[in-house]
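Notes follow the structure.
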Amino acid sequence: MKQLWCAVSLLAGSLLWSTTALAQTPPPVSAAPDTSVLLQQMEQASLNLNYEFAYINVSRIGIESLRYRHAVINHQSYVQLLQMDGPRREVIQRGNEISYFEPGLDPFSLPGDHIIDALPSLVFADFKKLSANYDFIAVGRARVADQMCEVVRVVSRDGTRYSYVAWLDMDTKLPLRIDLLDHDGETLEQFRVTSFAVDEGVRTVMQGLQKAHLPPVLSVPQGDKVSLAWQPEWLPAGMKLMAQNRREIPALSKTVESRLYSDGLFSFTINVTPADKNSVTQILRTGRRTVQTEVRDNSEITVVGELPPATAKRIADSVNLGSQQ
């Protein structure tokens, strides 16, 4: 589980395991299932079943071992995410309140409908909306955590984003493995369940959270509505503007203007600041995240997000600075 951060930062990763043989058994004799229905069933199972995952997240920074418990009690979701190795780090969700407990920090709570980065974003996606810009491809069947799974690949039609491969338990439809792949088929990140349980015992264990004393929810100030003079003239299909703001960075003595975009699966920000003597055109990639910086017309344009480098560069190149030139 990852600490919250409030400035441009880099998650890690390029990775490890290849997924060249996605399906280890021949395709089923029966007709192939509707992949969009399978993915919707995954989402519903993840939100409505009582279950426990022991799983690992694999990336360049290493392997995280975690436990994820989910239960529905009186029509309300209760979730516990626990880091199994090293210092105890825990996140608790009770309804729409998410509480964070980390060594050396005062506990706090934030509003939210799921724990960010607990499970891959694919699990919580709206597949009806994604179907306008993504293809859902049945790959076959394979075995994960001693369970037979349907294997589905999620690929953007315009080829401007990464792709996912998901292994869904044939009985429960829960995701038992999810790989994030780049354009070359290399695994950037992997979520893999090592053992799991689906039963009422999980619900019983989680009932204590109903009366647990959790830290109060922090108030998140609403930013003032701002109008920005610049805008991108090209975006990947389906990307929508989610938020925009202007803020001062005292440590840098700069004003940063930002726009946040998302297609419901991947997201990125465009940040524009005045250029200075330290501004340089550069590109960095760590795992799923790319940072593309371009300097022109006395402005520094930085695209940060879950994008292939070529896509991030194309977005940065398309930014029309308007009156900021």
Check on Pro216, over 21 Å from the mean Cα position of the chain (by Cα), open to solvent by 90 Å² or more (accessible area, probe 1.4 Å) and within 30 Å of Ile301 (Cα to Cα):
no
Of those in segment 20-67 that are hydroxyl-bearing (Ser, Thr, Tyr) and surrounded by fewer than 18 Cβ atoms within 10 Å (Cβ to Cβ), the residue modelled with the lowest pLDDT is Thr20
When every residue in segment 224-247 that is assigned to a strand (DSSP E or B), open to solvent by 100 Å² or more (accessible area, probe 1.4 Å) and of a type in the set (Lys, Arg) is compared, the one nearest to Asp297 (Cα to Cα) is Arg246
Restricted to segment 139-160 and to residues being surrounded by fewer than 18 Cβ atoms within 10 Å (Cβ to Cβ) and under 22 Å from the mean Cα position of the chain (by Cα), the residue nearest to Leu174 (Cα to Cα) is Val155
Contact list, first residue from segment 300-318 and under 16 Å from Val280 (Cα atoms), second anywhere and aromatic (Phe, Trp, Tyr) and assigned to a loop (DSSP other than H, G, I, E, B), beta-carbon distance below 9 Å, six or more apart or interchain, is Ile301/Trp230; Asp317/Trp234
Within the bounds of segment 149-157, is there any residue that is modelled with pLDDT of 95 or more and assigned to a loop (DSSP other than H, G, I, E, B)? yes
Residue hits (segment 179-200; closer than 28 Å to Glu102 by Cβ and surrounded by fewer than 17 Cβ atoms within 10 Å (Cβ to Cβ)) are Thr194, Ser195, Ala197
Scanning segment 108-125 residue by residue, the ones that are open to solvent by less than 70 Å² (accessible area, probe 1.4 Å) and either under 23 Å from Ala166 (Cβ atoms) or part of a loop (DSSP other than H, G, I, E, B) (or both) total 11
Filter segment 248-263 for residues that are open to solvent by 50 Å² or more (accessible area, probe 1.4 Å) and not aliphatic (A, V, I, L, M); the one that is nearest to Asn320 (Cα to Cα) is Glu248
Taking first residues from segment 47-71 that are farther than 15 Å from Phe196 by Cβ and second residues anywhere that are among the hydroxyl-bearing types (Ser, Thr, Tyr), the pairs with Cβ under 6 Å that are 6 or more apart or on different chains are Arg60/Ser14
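The values are calculated or read from the model by the stated rules, or taken from the named source; none is laboratory data. Nothing here was measured: the structure is a model prediction, and the numbers come from that model. Here Cβ is always computed from backbone atoms with ideal geometry, including for glycine, and neighbour counts include all displayed protein chains. Just the protein is used for accessible areas: all its heavy atoms, side chains included, with ligands, DNA and RNA removed. Shrake-Rupley method; radii C 1.70, N 1.55, O 1.52, S 1.80 Å.
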